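To keep things clear, I will list the structure first and then write my remarks on it.
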Amino acid sequence: MYKVIKFYFLLIAILLIFNISFSVSQNIITVNYNVPRDYNSFEECGLNDEPVCTSLEDAGNKAILLSKTSNPNNYINIIGDINGSTTTPVTFGNLYNYCGKLYIKSNNSNVNINIDGTSSTQQPFLTIKEADQPNSTYPCSIPRIFQFQYLNFTNWHQTIIDININHETDLNSIDPSKSLTLYFQLVNIFSSSSILKIYPKNLGQVNYNLQAIKVAFISTVGIDIKSSSVLFSPNSTQDYLPPIYISGASVSRILSLSNSTLESTPFIFSDNGGVTSGGASILNNIFNGPFIMAVNGGTLVLPILSFINNSLSTFIHFSNFYDQPLIQTTFSNNIFGTTCYQNCKFMDHQYENSIMVIKDSDFSSLDLLGYSILTQNTINNNLIFVGNSSLNLDNSIIRPSISTSQHLFNSINSSISIINFNLTSNDLPIVGSYSNINLFSSVFSNDVYCGCQGCSFYIQSVLVNPTEYSSQCNF
């Protein structure tokens with residue numbers, strides 16, 4: 001608890017420093033889509049003694065110019081709503097050449113303005129893309145920091161934020177030209193699909209410094225969010241883009257989510273990325289795929305997450321994941337048992353009918369699910385699937401028996417240790433094949449042995465003689 005409190009004080013301090021630095025010295029660029037254009041080029045718009053810019057792209061180009069010639073701290077204030085019928089593109093274009101801090105917000109403090117993406121079918125709201133040709137873009141000697149505040153995004157089915165740069169691979173230091181931080185603060189996202197896509201140009205590196213590119217959703221909520229039906233994930237022509245797709249980067253605080261249906265993708269797909277929940281609330285949603293799919297390493301920390309009144313099969317799907325996740329989520333009134341009937345995989349990762357899926361991974365002593373998931377929810381599928389992995393499930397104390405119509409563990413070619421678990425409430429609490437099952441300080445009956453074909457069972461590290469229980473099973 002002390003560490004959590006310390007983290008929040010540190011986050012508040014960072015935000016205060018960030019805001020103070022803006023108040024000391026900055027340019028303010030104004031943009032208004034509801035007035036006629038009264039200038040020839042972006043150099044002539046935006047500042048106090050100039051006409052307002054009439055497009056986000058002009059305002060963004062003006063900010064780039066000012067960051068090079070005048071001041072690396074700039075505001076872009078948006079006056080009035082941007083409706084979905086505008087013929088002027090609702091996009092900043094590529095802001096890779098912006099160096100410094102850029103604050104993009106409503107001109108009216110404390111009042112959100114609406115940015116409708118209905119007409120924005122070709123370009124993201126904001127792109128940060130490094131050019132393919134060397135020396136064709138402007139290298140930054142200071143980090144890039146973007147903050148979005150008091151904005152409502154509505155009907156965005158093109159990506160809102162699209163980042164494609166060479167990621168930092170040095171784990172000990174960060175080149176300023178590869179340092180990028182984005183804050184969403186007091187932002188609402190309605191009826192949209194692709195919120196964030198981060199994909200490295202230098203794909204295929206073994207290690208990325210996950211602190212180099214970070215995104216934080218602070219007091220930000222998504223409502224009626226969907227899987228994309230028009231945009232595909234990188235290197236795929238079949239898998240649609242999820243709302244949050246990150247590779248080699250971190251989301252240090254996820255957004256809250258409510259009244260949404262994810263039919264064909266996870267909500268978050270992390271490929272060698274970092275995901276931290278912060279104080280998000282996940283409420284009244286339907287997930288056909290996993291809530292989070294974390295693959296190929298990275299980090300997962302869910303210390304303060306409320307997961308309430310959702311319908312799904314899988315909470316988290318791990319594959320080729322070796323850092324210990326921290327999961328201290330509050331679960332309440334969820335229904336675990338949604339069955340996938342078609343396209344039951346994402347990016348070649350096959351779904352399983354389990355609340356937690358662990359494949360090709362290695363987790364040491366860990367209480368993955370917490371007690372609330374076992375007592376305050378409806379569980380109609382398996383608890384944990386373990387495939388080609390090792391897992392120590394340590395509950396710290398023996399908890400009451402678990403009621404589920406399916407199985408507690410499905411172990412395939414794996415080694416699992418079950419510590420302080422009551423396994424007596426299910427006829428076949430453990431199913432699977434060719435695994436080592438270690439039972440420590442657990443309550444069980446002979447039914448434990450009957451569902452795992454070719455498995456070796458150990459009680460307090462002592463191998464059980466199969467003849468002692470095989471007659472009890474109806475194979």
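The values are calculated or read from the model by the stated rules, or taken from the named source; none is laboratory data. Remember, it's a predicted structure, so these values are computed and weren't measured experimentally. A quick note on method: Cβ atoms are made from the backbone with ideal geometry, for glycine too, and the neighbour counts reach across all protein chains shown. The protein model used for the area step is the full one, side chains on, heavy atoms only, and it has no ligands, DNA or RNA in it. Shrake-Rupley method; radii C 1.70, N 1.55, O 1.52, S 1.80 Å.
Quickly run through the range 179-204 and pick out the residues that are among the hydrophobic types (A, V, I, L, M, F, W, C), more than 16 Å from GLU168 (Cβ to Cβ) and assigned to a strand (DSSP E or B). Steps first, please.
Initially, the range 179-204 is screened for residues among the hydrophobic types (A, V, I, L, M, F, W, C), giving 180, 182, 184, 186-187, 189-190, 195-196, 198, 203.
Still in the running and more than 16 Å from GLU168 (Cβ to Cβ): 184, 186-187, 189-190, 195-196.
Those that are among the hydrophobic types (A, V, I, L, M, F, W, C), more than 16 Å from GLU168 (Cβ to Cβ) and assigned to a strand (DSSP E or B): PHE184, LEU186, VAL187, ILE189, PHE190, LEU196.
Tally time: how many residues in the range 292-317 are surrounded by fewer than 23 Cβ atoms within 10 Å (Cβ to Cβ) and not in a strand (DSSP E or B)?
Residues flagged as surrounded by fewer than 23 Cβ atoms within 10 Å (Cβ to Cβ) and not in a strand (DSSP E or B) within the range 292-317 amount to 1.
Could you go through the range 9-16 and let me know if any residue there is modelled with pLDDT under 95, surrounded by 15 or more Cβ atoms within 10 Å (Cβ to Cβ), under 34 Å from the mean Cα position of the chain (by Cα) and not in a helix (DSSP H, G or I).
No, the range 9-16 contains no residue that is modelled with pLDDT under 95, surrounded by 15 or more Cβ atoms within 10 Å (Cβ to Cβ), under 34 Å from the mean Cα position of the chain (by Cα) and not in a helix (DSSP H, G or I).
Got a sec? Which of THR87, THR127 is closer than 28 Å to SER229 by Cα, among the polar types (S, T, N, Q), without any contact (Cβ under 8 Å) to a residue 60 or more places away in the chain and not in a loop (DSSP other than H, G, I, E, B)?
Answer to the selection: THR127.
With (1) in contact with a strand residue (DSSP E or B) (Cβ under 6 Å, 6 or more places away or on another chain); (2) under 15 Å from THR54 (Cα atoms); (3) open to solvent by less than 30 Å² (accessible area, probe 1.4 Å) as the list, and THR91 as the residue in question, which single condition is left unmet?
Result: THR91 passes all but (1).
In the range 274-298, which residues are at pLDDT 95 or above, touching a Pro at 6+ places or on another chain (Cβ under 9 Å) and among the polar types (S, T, N, Q)?
THR276
If only one of SER219, SER193, SER228 is of a type in the set (Gly, Ala, Ser) and within 20 Å of LEU102 (Cα to Cα), which one is it?
Answer to the check: SER219.
Can you work out which of the residues in the range 156-184 that are of a type in the set (S, T, N, Q) and open to solvent by less than 30 Å² (accessible area, probe 1.4 Å) is nearest to SER250 (Cα to Cα)?
Going through the qualifying residues, I end up with THR181.
Name the single residue, out of those in the range 201-245 being hydroxyl-bearing (Ser, Thr, Tyr) and open to solvent by 10 Å² or more (accessible area, probe 1.4 Å), that is nearest to GLN122 (Cα to Cα).
Going through the range 201-245, the residues hydroxyl-bearing (Ser, Thr, Tyr) turn out to be 208, 219-220, 227-229, 233, 236-237, 240, 245.
Filter once more, keeping what is open to solvent by 10 Å² or more (accessible area, probe 1.4 Å): 208, 219, 227, 229, 236-237, 240.
On the way: TYR208: 30, SER219: 29, SER227: 18, SER229: 14, SER236: 19, THR237: 18, TYR240: 16 Å.
Only one residue fits best here, namely SER229.
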